Every structure is written in C-alpha cells, then in structure tokens.
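Asker: This structure is in structure tokens; I'll ask about it shortly.
Rule-based calculations on the coordinates, nothing more; no lab input. Computed from a predicted structure; not experimentally measured. Glycine gets a Cβ as well: all are built from the backbone with ideal geometry, and neighbour counts include every protein chain shown.
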Amino acid sequence: MYIQIVTFPICDIKQRQRYTRESKQLVRDTYNGKHPKRAKKAGKAKRRLKTIAGALLRELERKMSDEQKALYRKELSLYKRVINQQKDDKDKIYSLHKPFTRCISKGKTHKQYEFGNKVGLITTGKRGRKVITAIKAFLDTPYDGDTIDPLLEQMQQNKLKLPQELAYDRGGKGRKQIKGVTIITPDKPKASDTVYQKRCKRNKCRARAAIEPIIGHLKKDFRMEQNYLWGEKGIQINAFMAATAWNLKKMMEKLVREFLDFVLRIFFKQRLQLAT
C-alpha cells in the first residue's frame, strides 16, 4: 500500500522523507505474523506501515495543486479508504489494482476464505459430455440462490430453452421456482414421498455433483483460477473465454469420435464384403 503511494506518478513534488529502507524492514517484520513469538512484532510493524502510508498521503495532498487533485481524485479516494478501513468494515479493499476483489467465506476447515469473485454456471444434465449453457461472474458476493435468475436470463437472451428442473446445491436453499424452472436442492424427504420419488430426487442431486470436476477443469486447464485481465469487465470476459474453451473441447471430442466411427464402419464393411 505505502509503496504505491511512494511511487505515485505526480511531477514536481518532492517528498520530505521516502521511508524506503524502513518500509522494507517493516515488511520483513510482518512475515509469519501468526506465530506466537512474532505476533507482537508483526502487529507493531503493520501499525507503523499504516502510519507511514497516512503521512505520505497527507503530504502529497498538501503539495498537490487543485488540477492534480482533480486528476487523481479517484486514486486518492481509494488510498484513503484503504488506510481508514477497519477490521470489521464491510466491502473492504483487498487489492489496489483490483478494488472489486471480494472475500468469500468458504466454511471449510482447510480453506476458510477465498479472495476473488463468484462465478455461476449452468450445464446440460444429459449423460456423457456436458456443455456449459450459461456462465456469469458477479462483482459482489450475492446469496447463492440469487445467482440462478441471472443465469436463466442469460439463457433466454441466447435463445436457449429453459430446463424444466434445475439441480442446485444447498447454497440455493429457499428458492423453489424461478422463471417457471423448478429448483431442486438436497433436503430431507417428505413423509408423503414414495420410494420412487425419493430415489428420483436422490439421483438428480447426485447428477448435480458432476459439475464439480467441470469447475476444477475450468480453473486448472482453462485459466479461470486466476484472472489476468484488467478492470471489472475482465472477470466476465475471463469466464466467457474459459466456458468457450470447454465447449470447443467437447465439440472437438465429439467430432473426433464421429470421424473414428465413420472410418471404422467403412473399414469393417469392406472386410466383411471381401470375406463374403
């Protein structure tokens, strides 16, 4: 944070003190701050870094002209927000070059939080190759049940037929029907449900689990794990490109399979004719 302010691109402004050597040592002191023997030293270093950042920012504002303040108003406002934000504040800034980055609570023991943005997607429910029919990145951290409607709307915009049923995980609990689509979430069976109804719902929820490896492949194989595109539109473009790559791969697999089947049919047909 303070390094960004030190290298702030403003001409004809000389800083009283740059804190270069001190800041480097303070950054080293923050390493492994959760260790009991280093917690006190790391906390002290973080407070000192915040003090230095505030001093440099106030000095810049004093020496800047009105034109310069108007030109860099957005950047200065962002830096002030970072310096003044508290631990319990909402919508905190976690990245200066990507202010729209959010902290997403996972609720898992090995990974309690993730930093980034939510991405929702819908795939076909047929057996075999699954195709992504809708994908959308969200700037905020909406409730999982509220991410279904934008995805269905995207399918309508692309002239795709909406499914009759949509299997979702427990995160979408509370939504029974959206745009005429029945939302199925894992839940305790009703006392009035027959054995057949229970088995059908169980199979549908199990089929929904097939989307998890798709998410893993999108992250690892198609670069959706880390977004290198600039701006808020970059996360949506990155999601679209990853989904397009996945669908193209599935299409190529289908074409290769059909070509091999065609060649094998011709080959075995000729062998059969020669044998007869």
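Asker: Kindly provide the pair-distance distribution of segment 2-84 built from C-alpha pairs, with 10 Å bins from 0 and whole-percent values in order of increasing distance.
Answerer: In whole percents, the pair-distance histogram is 17, 43, 27, 11, 2.
Asker: Using 1/(1 + (r/R0)^6) with R0 = 45 angstrom and r between the beta carbons of H35 and R81, what's the FRET efficiency to the nearest 0.05?
Answerer: Between H35 and R81 the formula returns 0.90.
Asker: Kindly put Y196, Y72, Y94, Y31 in sequence by how many other C-beta atoms sit within 10 Å of each C-beta, fewest to most.
Answerer: If I rank by nearby Cβ atoms, fewest first, I get Y196, Y31, Y94, Y72.
Asker: Right, next: In nanometres, what is the gap between the two model label sites at A191 and K50, each 7 Å from Cα along Cα-to-Cβ?
Answerer: Result: 5.5 nm between the two label points.
Asker: Express in whole angstrom the spacing between the alpha-carbon centres of segment 14-92 and segment 141-186.
Answerer: Each part's Cα centre sits 43 Å from the other's.
Asker: Now for a separate question. Please list log₁₀ I(q)/I(0) at q = 0.19, 0.22, 0.25 Å⁻¹ for segment 67-150, using the Debye equation with identical point scatterers on the alpha-carbon positions.
Answerer: -0.98, -1.12, -1.22
Asker: Here's a follow-up. I want to check the label-to-label distance for D89 and L229. Put each point 7 Å from Cα in the C-beta direction and report it in nm to one decimal.
Answerer: According to this spin-label approximation, the distance is 2.9 nm.
Asker: Based on the Cβ-Cβ distance of K63 and S105, what FRET efficiency does E = 1/(1 + (r/R0)^6) give at R0 = 30 Å, to the nearest 0.05?
Answerer: 0.10
Asker: Would you report the distance distribution of C-alpha pairs in the chain as whole percents per 10 angstrom bin, up to the bin with the largest distance?
Answerer: Per 10 Å bin, starting at zero, the Cα-Cα P(r) for the chain comes out as 5, 18, 23, 19, 16, 11, 5, 2, 1, 0 percent.
Asker: OK, next. Rank the residues W246, W230 as a footprinting-exposure proxy: fewest other Cβ atoms within 10 Å of their Cβ go first.
Answerer: Listed from fewest to most nearby Cβ atoms, that is W230, W246.
Asker: Equivalent-ellipsoid semi-axes (√(5λ), Cα gyration tensor) for segment 160-262, whole Å, largest first?
Answerer: 32, 22, 13
Asker: Label point 7 Å out from M252 along Cα-to-Cβ: which residues of segment 187-227 have amide N under 20 Å?
Answerer: Counting backbone N atoms under 20 Å from the label point, the list is 214-225.
Asker: If the convex hull of the alpha-carbon atoms of segment 98-188 is projected onto planes in all directions, what is the mean projected area in square nanometres? Spell out each step's value before the answer.
Answerer: Details: hull surface 31.1 nm².
Projected area, direction-averaged: 7.8 nm².
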